[in-house]
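Heads up: the structure comes next, in structure tokens.
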Amino acid sequence: MDDNKRQVSNSDSTYPDLTRRELTLALASGVALLRPTVSWAATTSSISSAGSDTPLHYKSLSDVARLIEAGDLRPTELVQQLLYRISTVDRSLHSYVTVMGDLAMASARQAEAEINSGRYRGPLHGMPIGIKDLCYTKGVRTMAGTKVLSDFIPDFDATVVAKLEAAGAVILGKLALCEGAHGPYHPDLEVPVNPWDSTRWSGVSSSGSGVATAAGLCFGSVGTDTGGSIRYPSAVNGCIGLKPTYGRVSRHGVFALAGSMDHVGPMTRTVADAAIMFEAMAGFDSNDPTSLTDPVQPIGDELRRGVAGVRIGFDHDYASNNVEPAVAKAVSDVISELQRQGAEIVDVKMPDVGNPGQVWYDLETAEAVIANSETFPSRADEYGPGFRAVLEYGLQVSGETYARASKHRDEFSGRLHRMLAEVDCMVCPSMGNSAPAKLTDAAAVETDAIWESLVPNDIFTKPFNFSGVPTLSVPCGFSVDGLPLSVQFVGARLSEALLCRVGHAYEQATEWHTRHPSV
């Protein structure tokens, strides 16, 4: 077995007495744990898909939660099926870096016992979820896409993990990402594969989260976003991606890339599912000094309100800048559908962001040096060439350069907040194109032509990390070659409920979210 992808068998009898800590120590010492056995296929093949043509693994989290609550599906059955699917499908997709099979089955048995005794916690109870391997998981290796952390085993859970588990979620495993959550991968680690087309890009940096969610290898996942890392993989893999307001979801126990722009959020297959995960993940955390104290607004009732009378801003020039015709047409169709439902489309002017990529890079790389200071530059040779170059650049960012970039960010953010105050939300592409070809060398310095082709998308992602406002990416069609397209709704601070309301209204009027890759 590849030592970089460690897998815990879900066989009830293989390691019946091992704790999470003991299992991880066995993994860290190089003990090869068994893959799931073929007998699982027989176990899971009888699970009903509730009378529809949609396979169970592609059903929405919300639909599966109803089956569990009604007693029509047991969490242990559900987790077994997902673990079996991971053991087969993910051999080629590489979305998971660590599969926590025994631990997931133990959590599923606990959830089942609680539900059977009348202690149902809500729609995440017994639900299989994947976690980006940037988030601490107590007793389970957390690598952040690097080899320098290959033996790091946290002694506590990230707050976001603890919150999901408190809601009853079953953690299936840790999902792959770019090294340090930037862009290039470590050369010794597998690159997640786009399930729609293996020759295409799978996004960065929450690529494992996007691939696993799109391919039915979990019912939702945790991603992080510093400059597009929830939105890019959501867009190219055909998922929902919610980047919350900065500070709305705690970053405690999540490896930082650039602390002033890092966001943690859910990636799912429907907007309602994203709302469910977000409500569980969000809230004040005294362990995170940037955590917001504002109460978390329930979203469920908002989804039923529709969009009649909602004022949606649109800047045609901004939304069509370096955008492929198919994307421009898809966004235009989104606007037409929302108008049909009674929304008011308002002309707005997106503030000039200048060169967002360079400003963002100066801020991000300087902060990344701080985030990696315990191991860089002292262990620089253990980093891959791409991320090492990022950190080396950050070392050279002067105080003046950082101050100028910060001033640019603050001034832009002020103008954006004023523009968003004029409307309820704004609409624009998540990306100006469908998934480009995958990188020639995913570990190399970011000079590949594919990286250059992504630069025009900076205007649709990085400004909303500068400002910390929430965004919601929703599938809005397919390119002529069958690749997902994505629209982005942007709102004022703490407007997640409104964004989900608008995104849900659009989603439910279309069928894009019902299409899945043939894997």
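Read the figures in this text as sums done on the coordinates, not as results from a lab. Source: prediction; values computed, not measured. No Cβ is skipped: glycine too gets one built from the backbone with ideal geometry, and neighbour counts run over all protein chains shown.
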Farthest toward the dipole's positive end in the chain, which of 212, 436, 355, given Cβ charges of +1 (Lys, Arg) and -1 (Asp, Glu) about the Cα centre?
212
Averaged over all viewing directions, the convex hull of the alpha carbons in the range 6-514 casts a projected area in nm² of 21.9
Radius ratio Rg over Rh of the range 374-519, counting only Cα atoms, Kirkwood formula for Rh:
1.04
Built amide H within the under 5 Å cut-off of residue 263, gap 5+
225, 226
Taking alpha-carbon centroids only, the range 315-339 lies from the range 214-239 a number of Å equal to 22
Over what distance in Å are the Cα centres of the range 161-210 and the range 85-145 separated?
14
Could you put 514, 293 in order, starting from the residue whose Cβ has the fewest other Cβ atoms within 10 Å?
293, 514
List the residues, sorted by chain then number, that are 5 or more residues from residue 132 or on another chain and whose placed amide H is less than 5 Å from its amide H.
175, 222
Are there GluC sites (Glu not before Pro) in the range 346-405 that DSSP marks as loop and that have at most 11 other Cβ atoms within 10 Å, and which are they?
374
Please state, to two decimals, what the Cα-based radius of gyration of the range 161-254 comes to when divided by 2.2 N^0.38 Å (N = residues).
1.05
Using the Karplus curve 6.51 cos²θ - 1.76 cosθ + 1.60 with θ = phi - 60°, what ³J(HN,Hα) values do you get for each residue of the range 438-455, in whole Hz, with x for Gly and Pro?
5, 5, 4, 9, 5, 9, 6, 4, 6, 10, 4, 4, 5, 4, 4, 5, 8, 4
Which trypsin sites (Lys or Arg not before Pro) in the range 298-353 sit in a loop by DSSP (not H, G, I, E or B) and have at most 13 other Cβ atoms within 10 Å of their own Cβ?
349
Contour minus end-to-end for residue 421 and residue 260, with contour as 0.36 nm per residue of separation and end-to-end as the Cα-Cα distance?
55.7 nm
Quick one, can you get me the convex hull of the C-alpha atoms of the range 294-351 expressed as volume per residue in Å³?
130
Computed ³J(HN,Hα) along the range 253-266: with the Karplus parameters 6.51/-1.76/1.60, θ = phi - 60°, integer Hz and x for glycine or proline, the list is x, 10, 4, 7, 10, 9, x, 7, 10, 6, 10, 10, x, x
Any residue on another chain or 5+ positions along whose placed amide H is under 5 Å from the amide H of residue 170 is listed here as 126, 127, 129
Could you give the length gained by full extension between residue 345 and residue 156, i.e. 0.36 nm per residue of separation minus their alpha carbon distance, to one decimal place?
63.4 nm
Under 16 Å Cα to Cα from residue 243, which aspartates and glutamates show up? Leave out anything in the same chain fewer than 8 places away.
225, 262, 273, 279, 458, 496
